[in-house]
Amino acid sequence: MPLCFAEPHASAIPVHIVGADAAEAVVAALPDGSRQWAASQGFTAALGQVLMLPDAQGGIAQVLVGYGTPQARVRGRFHLGAVARQLPKGDYRIASGLDGTALEEAALAWLLAGYQFDRYRKPAEKIAGLVAPEGIDAARITIIAQAEALTRDLINTPASDMGPEELEQAARDLANGHNATMDVTCGDDLLGANFPLIHAVGRASPRAPRLIDMRWGDTGPQLTLVGKGVCFDTGGLNIKPGASMGLMKKDMGGAATVLGLAQMIMALGLPLRLRVLIPAVENSIAGNAFRPQDILHSRKGLTVEINNTDAEGRLVLADALALADEDNPDLVISMATLTGAARVAVGPDLAPFFTDHDDHAMAIADAARQVADPVWRLPFHEPYEAMIEPGIADLDNAPSGGMAGCITAALFLRRFVQSPYVHFDVYGWQPSAAPSRPKGGVGMGARALLAALPRLLKL
């Protein structure tokens, strides 16, 4: 179901956003009947409070929406998404109370509130429509919402219908829609093309591993996005317990997120050269599965001792990052559902990221605040480098001890990149419903990166 604004028309019902500090004055300015109705309903403009004011015919004349206090608002985001689901069917317009970035967030929240994953069931009735507010870039917000819907759909689709081949097809559909080119290296061809780690992780599955390579644009700085595409992760021979395996359809959330970001970039026609690399595999169990204590060779030439086959994401990313680096791009960004340690550190709502460049970190953090896409910088802490050096090989894919797991994983990946590099360790999942974010797959960090690109790449 496409997410888009309603067509403008004169009968769209006005919605007034009212902060708690303005509630008394707004109610006092209402006509007598409406003022008495508001008083009888106890309208105080608490955050999310909705008051529909009737007209003479019994319809809705206007809607007052409580915006609460600044202290209440900072404890969440996309507050208007919850409001959109409370209103009766019809079209509405934001008539007053918001401007600037707050108005943009509200408009995006309303669109995203309409998201449904309806591949396997009949869709529910559409939510109330919103006429695009004046003063926003409606086309841009629509593109962002539809790209977020793509990310969510890909993550929500179970592995039975979203294996490496289906992920390739999703990338191909995106490429075809934007005149991008795409090459795929599949199965045993990965060995001949020198992608040994991708092959090793995916070879035990009957669904052949592959490297997806998409390119778009012919002028401007080069941005390369690398997304972890582990379509299902059993943990390999170090098999996950059932409770940990239950959400592993989302282990391709990094790939889903970079495809969503790529859709935004291409649909907006940004002046850059884009490359998207996705190692798409299924980490399965069979007689030819890679084993603990195996030592594997990488595209870059570094050897890796396998101390846990459930630390497979950094392996497939390593080969893809080495390929990305051979192009000498202006910026490499990887996104992956990589470590549980990142979730322990910052929880499910923040997207932690790593970079050696303070200016890049500042650009991303500033953009994240502007577009309500929260991120948090974690360090490439170099004293921990020794933790990923096992002695018998160049690198250890799973250092023992359980300390600083997201940092050691990021340090591992950095060994394969010399170009300017940013790594995101995303969760890709909304554990419980929140405004504009139903339980299920969710994009993290993509909107922040989109907003930061002008500074990151000097566009």
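Mind listing the phi-derived Karplus ³J(HN,Hα) values for region 345-351, rounded to whole Hz, using 6.51, -1.76 and 1.60 with θ = phi - 60°, and x for any glycine or proline?
Per-residue couplings from phi come out as 5, 10, x, x, 9, 9, 9 Hz.
Counting Lys +1, Arg +1, Asp -1, Glu -1, what net charge surrounds Ala107 among other residues with beta carbon under 11 Å of its beta carbon? Intermediate results must be reported in sequence, preceding the final value.
Numbers: positive: Arg93, Arg140; negative: Glu104, Glu105, Glu134, Asp137.
With Lys, Arg at +1 and Asp, Glu at -1, the net is -2.
With the Cα gyration tensor of region 120-242 in hand, convert its eigenvalues to equivalent ellipsoid semi-axes via √(5λ) and list them largest first in whole Å.
Numbers: eigenvalues 216, 100, 29 Å².
Gyration-tensor ellipsoid for region 120-242: 33, 22, 12 Å.
Please give me the summed charge of the neighbours of Ala6: other residues whose Cβ is under 12 Å from its Cβ, Lys and Arg +1, Asp and Glu -1.
That sum, taken over residues with Cβ under 12 Å, equals +1.
If amide H atoms are built 1.01 Å from N in the plane of the peptide, which residues on other chains or at least 5 residues away come under 5 Å of the amide H of Val375?
Here Ala351 satisfy the definition.
Residues of region 314-459: accessible area per residue at 1.4 Å, in Å²?
Details: 5350 Å² over 146 residues.
I get 37 Å² per residue for this part.
With θ taken as phi - 60° and the coefficients 6.51, -1.76 and 1.60, list the Karplus ³J(HN,Hα) couplings across region 311-327 in order, rounded to whole Hz; mark glycine and proline as x.
Along region 311-327, the couplings run 9, 8, x, 5, 6, 5, 5, 4, 5, 5, 5, 4, 5, 4, 5, 5, 7 Hz.
What is the set of long-range amide H partners of Asp294 at a cut-off below 5 Å, with H atoms built 1.01 Å from backbone N?
For Asp294, the qualifying residues are Ile306.
Count the net charge of all other residues whose Cβ sits under 11 Å from the Cβ of Ala193, scoring Lys and Arg as +1 and Asp and Glu as -1. List each step's numbers first, then the result.
Working: positive: Arg210, Arg299; negative: Asp183, Asp188, Asp189, Asp213, Asp319.
With Lys, Arg at +1 and Asp, Glu at -1, the neighbours total -3.
For the chain, what Kirkwood radius comes out of the mean inverse Cα-Cα distance, in Å?
Numbers: mean 1/r = 0.0430 Å⁻¹.
Computed over Cα pairs of the chain, the Kirkwood hydrodynamic radius comes out at 23.2 Å.
Tell me the per residue accessible area of region 123-171 using a 1.4 Å probe; a whole number in Å² is fine. The partial results should precede the final answer.
Working: 1910 Å² over 49 residues.
Ligands and nucleic acids excluded, the result is 39 Å² per residue.
What Kirkwood hydrodynamic radius do you get for region 1-148 when you take the inverse of the mean 1/r over all pairs of distinct Cα atoms, in Å? Mind dumping the intermediate values first?
On the way: mean 1/r = 0.0626 Å⁻¹.
Value: 16.0 Å, from the Cα pair sum.
Quick one: give the max-minus-min coordinate of the C-alpha atoms of region 348-459 along each principal axis, largest first, in Å.
49, 37, 17
What's the extension gain from Ala193 to Glu326 if we count 0.36 nm per residue and subtract their Cα-Cα distance? Please report the intermediate quantities before stating the final value.
Working: separation 133, 0.36 × 133 = 47.88 nm, distance 1.39 nm.
Length difference between fully extended and current span is 46.5 nm.
Which whole-angstrom value gives the distance between the alpha carbon centres of region 134-156 and region 205-245?
23
Restricting to the chain, compute how many DSSP beta bridges are antiparallel as a %, nearest 5.
Details: 27 of 63 bridges.
Restricted to the chain, the bridges split so that about 45 percent are antiparallel.
Could you give the angle, 0 to 90 degrees to the nearest 10, between helix 164-177's Cα long axis and the longest principal axis of the Cα atoms of the chain?
The angle comes out at about 60 degrees.
For the chain, which whole percent of the accessible surface, found with a 1.4 angstrom probe, sits on carbon and sulfur atoms?
Working: 9620 of 18700 Å².
Solvent-exposed carbon and sulfur of the chain make up 51 percent of the total.
Largest first and in whole Å, give the semi-axes of region 235-359's equivalent ellipsoid, each being the square root of 5 times a Cα gyration tensor eigenvalue. Working shown, then result.
Numbers: eigenvalues 149, 75, 43 Å².
Three semi-axes, in Å: 27, 19, 15.
Write out the GluC sites (Glu not before Pro) in region 81-184 meeting two conditions: DSSP loop, and at most 14 other Cβ atoms within 10 Å of their Cβ. All intermediate terms of the calculation are to be shown ahead of the outcome.
On the way: sites: Glu104, Glu105, Glu125, Glu134, Glu148, Glu165, Glu166, Glu168; in loops: Glu125, Glu134.
Filter output for region 81-184: Glu125, Glu134.
Taking a quarter of the surface of the convex hull around the Cα atoms of region 275-337, what do you get in nm²? Walk me through the numbers on the way to the answer.
Numbers: hull surface 19.4 nm².
Mean projected area of the Cα convex hull: 4.9 nm².
Between their Cα atoms, which of Lys249/Lys439; Lys228/Lys458; Lys249/Lys300; Lys240/Lys300; Lys228/Lys250 are more than 22 Å away from each other? All intermediate terms of the calculation are to be shown ahead of the outcome.
Numbers: Lys249/Lys439 14 Å; Lys228/Lys458 27 Å; Lys249/Lys300 29 Å; Lys240/Lys300 29 Å; Lys228/Lys250 10 Å.
In this structure, Lys228/Lys458; Lys249/Lys300; Lys240/Lys300 lie more than 22 Å apart at Cα.
Pick out, in residue order, every one of the trypsin sites (Lys or Arg not before Pro) in region 73-170 that is DSSP loop and has at most 10 other C-beta atoms within 10 Å; say none if there are none.
On the way: sites: Arg73, Arg75, Arg77, Arg85, Lys89, Arg93, Arg119, Arg121, Lys126, Arg140, Arg152; in loops: Arg75, Arg77, Arg85, Lys89, Arg119, Arg121, Lys126.
Filter output for region 73-170: Arg75, Lys89, Arg121, Lys126.
Tell me which residues come under 5 Å, amide H to amide H, from Trp429 once H is placed; ignore anything under 5 positions away on its chain.
The list, which skips near neighbours in sequence, is Val442.
If you plug each phi of region 283-300 into the Karplus form 6.51 cos²θ - 1.76 cosθ + 1.60 with θ = phi - 60°, what whole-Hz ³J(HN,Hα) values come out, in order, with x for Gly and Pro?
8, 10, 10, 7, x, 9, 5, 5, 10, x, 6, 4, 10, 10, 9, 10, 4, 6
Given charges of +1 on the Cβ of Lys and Arg and -1 on the Cβ of Asp and Glu, with all other atoms neutral, how large is the dipole of the chain about its Cα centre, in debye to the nearest 20? Intermediate values should be presented prior to the final figure.
Working: 38 positive and 49 negative charges, 196 e Å.
Result for the chain is approximately 940 debye, rounded to the nearest 20.
In the chain, with Lys and Arg counted as +1 and Asp and Glu as -1 at Cβ, which of these residues, Tyr427, Gly260, Gly441, has the Cα nearest the positive end of the dipole, that is, farthest along it?
Gly441
Please give the charge dipole size of region 19-117, origin at the Cα centre, charges +1 on K and R Cβ atoms and -1 on D and E Cβ atoms. Round to the nearest 20 debye. If you can, show how the numbers build up before the last one.
Working: 7 positive and 8 negative charges, 67 e Å.
The calculated dipole for region 19-117 is roughly 320 debye.
Across 5 Å bins from the origin, how do the percents of Cα pairs in region 153-223 run, short distances first?
Once binned at 5 Å, the Cα pair distances of region 153-223 give 3, 15, 21, 20, 19, 14, 6, 1, 0.
Mean separation of Cα pairs under 8 Å and 6+ residues apart, divided by the residue count of the chain: what relative contact order is that in percent?
On the way: 1019 pairs, mean separation 70.7, N = 459.
For the chain, the relative contact order is 15 percent.
The values are calculated or read from the model by the stated rules, or taken from the named source; none is laboratory data. Because the structure is predicted, anything quoted here is derived from the model rather than measured. All Cβ positions, even for glycine, are placed from backbone atoms using ideal geometry, and neighbour counts span all protein chains on display. Accessible surface is based on the protein model in full, side chains and every heavy atom, while ligands, DNA and RNA are left aside. Shrake-Rupley method; radii C 1.70, N 1.55, O 1.52, S 1.80 Å.
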